[in-house]
1. Could you tell me the calculated FRET efficiency between Ile95 and Glu319, based on Cβ-Cβ distance and R0 = 30 angstrom, to the nearest 0.05?
2. Tell me, what is the FRET efficiency for Val334 and Asn194 to the nearest 0.05, using R0 = 41 angstrom and their Cβ-Cβ distance as r?
3. Once you've got the Cα coordinates, tell me which of Lys282/Lys333; Lys73/Lys103; Lys10/Lys324; Lys163/Lys333 are over 19 Å apart.
4. How many nm separate the modelled label positions at His208 and Ala13, each set 7 Å beyond the Cα in the direction of the Cβ?
5. By how many nm would the segment from Glu78 to Arg297 lengthen if fully extended, with 0.36 nm per residue of separation less the alpha-carbon distance?
6. For helix 75-93, what angle does its Cα long axis make with the longest principal axis of the chain, in degrees from 0 to 90 and rounded to 10?
7. For Asp39 and Thr185, FRET efficiency with R0 = 30 Å and r from the beta-carbon atoms, rounded to 0.05?
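Please treat every number below as a calculation from the coordinates, not as lab data. Owing to the predicted nature of the structure, the values given are computational and were not obtained by experimental measurement. Reconstructed Cβ throughout: ideal geometry from the backbone, glycine too, with neighbour counts over all protein chains shown.
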Amino acid sequence: MSAPCHDRDKTPAQAEMLYNRLTKRFRHLKKWARRIGTDAFRLYDRDIPEIPLVLDRYGEGVSGALYERPYEKDETEEQHWLHAMTEAAAAALEIPITQVFLKQRKRQRGVAQYDKLRDRHFTQDVHEGGLVFRVNLSDYLDTGLFLDARRMRTLIRAEAGGKKVLNLFCYTATFSVYAAAGGATEVDSVDLSNTYLDWAAVNFALNHLEARTPEAVHAHGNLPPFRLIRAEVLRFLSEAAQARLSWDLIILDPPRFSNSKKMITTLDIQRDHQELISQCLKLLTPGGTLWFRVNARHFHLSAFPGVEIQDLQAQTTDEDFKGKRMLPCFTLKV
């Protein structure tokens, strides 16, 4: 194991490097962002090896993460370093330091990346593609809007018109909102977390769309086109097959691994994706499409005889992610 690295004397120089890099990136990206109609984009992704940060701009705030270093660093020194980087980011972007939130991202198992870290509730409503989404910059490692899925959201909106859509592991239902805005006749959003289903309802409401839970459906006596369903995905798929339900477009965006106590079994996407995909394909209407996004950069897709598979990684790379390896993304058609 390497010896601890005490390098406070390098911190001012690194802060200046980050300031210069962010100033240049922001000058370039804000023009592009304005052109495509978004105020949420990636600013910095470990561009400088000595500064292993990822920084994302959301409206007038910044959410960032420090990735684990290959060496040990004293906690006091690390906090001093993080504060200096926070000051540099705020200065470069001309925003208050209180609107820059840096967290420490370590190797996560299960759903730990979705766990709440604190209760500061710094939320913003950001714009993308003519839509509005609420993000939380302070309390979670992930904000509620995955920026690297922006192009996939756009592609789904373009395909959703007139179709029944199922969004599995829906999180805050941003794919669902895009599908609804694209003219989907029905959208079912499935997740096990009440927190994220409540967040999903906010995202629908921000876009003047109404989404309800099945309980609310019974209370109102009618079936709205956009439904929020609290269920474990594996069980939901099994019950949907038994009920002979079907959808024209299914979105499968699972975590890489989950051992949530609310689930009947663990989920390992490399191990379990073949079964998950097979169950989804059975629920597609003739000519339907399964969109499959993998939250793991090192992933091998199993063979599915008779299924047309298209790799969309190149199509889902946007300007703020150029030169970066995107998460695997596929469409599958029977």
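1. Values: r = 21 Å, r/R0 = 0.72.
That gives a FRET efficiency of 0.90.
2. E(calc), rounded to 0.05, equals 0.75.
3. Pairs exceeding the cut-off: Lys10/Lys324.
4. Those two pseudo-labels are separated by 5.6 nm.
5. Fully extending the segment from Glu78 to Arg297 adds 76.1 nm.
6. With both axes taken from Cα atoms, the answer is about 80 degrees.
7. 0.50
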